[in-house]
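The values are calculated or read from the model by the stated rules, or taken from the named source; none is laboratory data. As the structure is a computational prediction, the values presented were derived from the model and not from experiment. Note: ideal-geometry Cβ built from the backbone for every residue, glycine included; neighbour counts use all protein chains shown. Quick note on the areas: whole protein, heavy atoms, side chains included, nothing else; ligands and nucleic acids left out. Shrake-Rupley method; radii C 1.70, N 1.55, O 1.52, S 1.80 Å.
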Amino acid sequence: MTRACWMAPKTWLTAMALGWLAPVGVVAAPQPANLDEAKVPTYELPDPLVDSAGRRVADAAGWRARRAELLELATREMYGRSPLGRPEGMHFVVTAEDPRALGGRATRREVTVQFGRAADAPRMRLLVYLPNHVAGPRPAFVGLNFTGNHATTDDPAVAVAEDTVYPETARARPRGKTLELKARGSESERWQVARVIDRGYATATAWYYDLCPDRVEGMEQNVATLAAAGSTEGRAPDAWGAVAVWAWGLSRALDYLETEPRVDARRVLVHGHSRLGKAAVWAAATDERFAGLIANNSGCGGAALSKRFLGETVGLINHRFPHWFSRSFRRYDDREADLPFDQHQVLALVAPRPLYVASAAEDLWADPKGEYLALAAAGPVYALLGQPSLGAAPMPPVGQPIATTAMGYHVRTGRHDITAYDWDRFLDFADGALAR
Ligand code: GTR
């Protein structure tokens, strides 16, 4: 399973479509993925503005009640309940600071968020850059990264944590310096720190493994040790999965940013790519302190509609990543029609806050069209709350972003990734959405 994660994306797509990668000895293999738009089944999307008793939501107060109902549904049936809030004794330790980072353009701070009083409590290491050329509290982006903070920037001073280097493959590769040096900056294209700083935004990130290692045993490690919610298979059906643990960590990052005078904590956008896009979606849905959401190529369990059964499906995701969602979500494996909600309603939980969804044309696994349709179907909630939605606009062509000050979307050329093109769109959207 792990080895498969490092296949070339094309091989992945073919393998998944043909159903080759089902692990043996687990439950029956899910149906292979469909990548053909013509084979999307007929489906019905539940209306976010009609409650479980069939009553139509008429105003903002009515939406609060409906929102609570939808949040409970998505919690119980999909992401699972978080057993933790802000941990007792949580504190922040600044481990490094440089007021002249990135050639003087930024202040870099490395902060350990200690999830308890004890020095050996589980922790998350946060890397923060604050722009120097603009005064006053700045809006910010916060998101988790895949391979360690040092991978998100070429800045040579960022600490390389021993355990952050391609952990799943490190066993098969020589450990040590060469690997670390190779990893430094290896995701800098995806983070565009200088670009973000130059536009006047602060940016913060942490490595997602600090919160919950991305493997079945991860559900009993790190943050999970604070909660004793159970192992991947031993959890209560509605107990949290890894995506919810990662989302919880994003809220803790925001706790830190609330203490930073150079950040405007009321203007922090949470963002994420792929599985970390799913985590960002859930963080924005559950924590209304986030000013908005940017979900990049987040696919199944993120922005994409499950009921389209195109690309990654509920059955495939639960089969390959049994720790990501609650155990209760498995009852919808290959039964997407039975889902009492869909991802447009999870996105609607972000309303009226700014919401941007981004897709990549070749990333069929994440179902670009399903991502757009979910965003569009959240629109009526935005409209009800007095925000400009995308209305009935059809999915825009590749390379032609559409946005209002509340909702935005683009599909770019190319593969599953985050690029400078994506960041330019996110920054343009943030300028409009967070303007004061
Ligand atoms: C894939 C997974 C997707 C997406 C992606 C990623 O293997 O099927 O849901 O999360 O990984 O995170 O890059």
Contour minus Cα-Cα span, Arg331 to Ala228, at 0.36 nm per residue, comes to 34.7 nm
Answer rounded, prolate or oblate for the stretch 175-302, using the Cα gyration tensor with square roots of eigenvalues a ≥ b ≥ c: rounded when a/c is under 1.5, else prolate when a/b is larger than b/c, else oblate. oblate
So, with a 1.4 angstrom probe, what is the percent of accessible area on the stretch 90-433 that is carbon and sulfur? 53
Summing +1 per Lys or Arg and -1 per Asp or Glu among the other residues with Cβ less than 9 Å from Leu130's Cβ gives +3
For Arg81, what residues show an amide H to amide H distance below 5 Å, using hydrogens built from the backbone and excluding near sequence neighbours? Ala239, Trp240
Note, ³J(HN,Hα) from phi for the stretch 224-232, Karplus 6.51, -1.76, 1.60, rounded to Hz, x at Gly and Pro: 4, 5, 7, 10, 6, 7, x, 6, 3
For the chain, what is the accessible area per residue in Å² when the probe is 1.4 Å? 39
Output the DSSP H helices from the chain with an along-axis C-alpha extent of no less than 15 Å and a mean Kyte-Doolittle hydropathy no less than -1.0. 60-74, 242-257, 275-286, 368-384, 420-433
Would you mind calculating the gained length between Asp198 and Asp428 on full extension (0.36 nm times residue separation, minus the Cα-Cα distance), in nm to one decimal? 81.5 nm
When the charge dipole of the stretch 90-433 is computed with +1 on Lys and Arg Cβ and -1 on Asp and Glu Cβ about the Cα centre, the Cα farthest towards its positive end, among Tyr129, Leu257, Ile418, belongs to Tyr129
Which three lengths, in whole Å and largest first, does the chain cover when its Cα atoms are put on their principal axes? 56, 53, 43
For the stretch 342-399, radius of gyration divided by Kirkwood radius, i.e. Rg to Rh on alpha-carbons: 0.97
Would you please give the residues with an amide H less than 5 Å from that of Arg138, counting only those at least 5 places away or on a separate chain, with H modeled from the backbone geometry? Val263, Asp264
Point-to-point label distance, Ala61-Gln31, nm (Cα→Cβ direction, 7 Å offset): 4.5
In a GNM of the chain with a 10 Å cut-off on Cα contacts, which of Leu384, Leu211, Leu349 has the highest mean-square fluctuation? Leu384
Give, to the nearest whole percent, the P(r) tail of the stretch 314-436 beyond 22 angstrom, counting all Cα pairs. 42
By its C-alpha gyration tensor, with a ≥ b ≥ c as the square roots of the eigenvalues, how is the stretch 43-82 shaped: rounded for a/c under 1.5, else prolate for a/b larger than b/c, else oblate? oblate
Roughly how large, in nm² to one decimal, is the mean projection of the convex hull of the alpha-carbon atoms in the stretch 275-352? 5.0
